[in-house]
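All remarks here apply to the structure that follows.
The values are calculated or read from the model by the stated rules, or taken from the named source; none is laboratory data. Computed from a predicted model, the values in this text were never measured in an experiment. Counting neighbours? That spans all protein chains shown, and the Cβs are built from the backbone with ideal geometry, glycine included.
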Amino acid sequence: MSGVIQRALNLALLGFFLSAPCPLALAQELHALVGGQYTPSLREKTYSYSIEYLQNFNDYAYGTFTWLNEGHVTNHHRDGYSPQLWLRVPSASRHFTLSAGVGPYRYYDTTALAAVGVTDAHGWGVLGSVAAQWYLHNPWVMELRYNYAHTTNSITTHTALIGFGYQFEYSSAAGPVWNTQRYGFYPPDQRFELTVMAGGTVVNNFNSPRGVAWGTELRYRLTPYIDAIGTYLDEGDARVVKRRGAAGQLGLKREFFNHHADVGVAGGFYLARDRDYSSPETQVLGLITTRTQALGLLTMTATYRSETGFRVRAYWYRTLTTNGRDTDVVMLGLGWAL
């Protein structure tokens, strides 16, 4: 049970970091970056890519929530999440900024351990970063970023990335936007949303076994920025796991494109029933075990909504387990406002 409690605390800290600045500043940016990674202890190089959600506090400080994929090196396929606080120095024209940030790094490393075999090892580290940003013309931003990920129980890495960002708030002036106003419910009478979705499951091990996934979701808008979410998720038969269950989450989101689109992140519990088997031989012998576990679930979403109440929503779920059988579930859903 301690693992479940720790996952709940991790998600609560993530939610606090993302929601705390909302009363002060609502201007945000979304960045996508690609580049390379170097692991000094292995003397190996590989690819890397990242998605970064940025929220400005003022001209000189901002916060980010970053997902970083560090590619594949020998015995390590690692990615992770990091909330970071940043300080920056803008140029006189505000078209160019230099910044530095630091924060905790929660990583998920597919690796082989002598005691348990292949597993998705979880751990904590520190992510330190520096970045240069060019505010080209609202809403577009170009970013060059360097990350140093330090851990004690996994590899330490360097990543260099370049990419582009999108500003959610319009401004005629150059540079980061931060002094914007809050928005309310829009449309005011559409608080519930029902979605059906389908896609695929990938188990996080070296073979990446896959299954066909589907699910249903009911959302209720608690505030214009916070959703309560109930989900039924069937991860399909991915050979290593055959899991399905019910999840409850709280989600934080930001609307843009005149309320026609949003991006968000959510976290919560996942009560999953798993038919646990590892080889065809165990199935022939009738050694398949079925058990119900309390897991964690982290979700990232992006949505487009029409004036008529129809929605198209993309999902990326990360299941968080205690036995190293984490999965990524990517799905596309069709939804309706109720």
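Structure values in brief
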| item | result |
| --- | --- |
| Of the criteria (1) touching a residue at least 60 places away in the same chain (Cβ under 8 Å); (2) within 22 Å of ALA238 (Cα to Cα), which one SER208 fails | (1) |
| 1 or more residues of a type outside the set (Phe, Trp, Tyr) and in contact with a Pro (Cβ under 8 Å, 6 or more places away or on another chain): qualifying strands (runs of 3 or more DSSP E) within the range 82-170 | 96-113, 117-137, 157-167 |
| Residue, surrounded by the most Cβ atoms within 10 Å (Cβ to Cβ), within the range 36-79, restricted to residues that are of a type in the set (A, V, I, L, M) and under 29 Å from VAL203 (Cβ atoms) | LEU68 |
| Residue ID - surrounded by the most Cβ atoms within 10 Å (Cβ to Cβ), chosen from residues in the range 102-128 that are in contact (Cβ under 8 Å) with a residue 60 or more places away in the chain and under 23 Å from the mean Cα position of the chain (by Cα) | LEU127 |
| Which listed residue, of SER82, SER99, is farther than 30 Å from GLY296 by Cβ, small (Gly, Ala, Ser), surrounded by 15 or more Cβ atoms within 10 Å (Cβ to Cβ) and without any contact (Cβ under 8 Å) to a residue 60 or more places away in the chain | SER99 |
| Selection status of GLU235, surrounded by 14 or more Cβ atoms within 10 Å (Cβ to Cβ), more than 21 Å from the chain's Cα centre (by Cα) and on the phi < 0 side of the Ramachandran plot | no |
| Condition met for THR290 (part of a strand (DSSP E or B) and either aromatic (Phe, Trp, Tyr) or modelled with pLDDT under 95 (or both)) | yes |
| Residue satisfying all of: in the range 298-327; surrounded by fewer than 18 Cβ atoms within 10 Å (Cβ to Cβ) and within 16 Å of the chain's Cα centre (by Cα); farthest from GLU193 (Cα to Cα) among these | TRP316 |
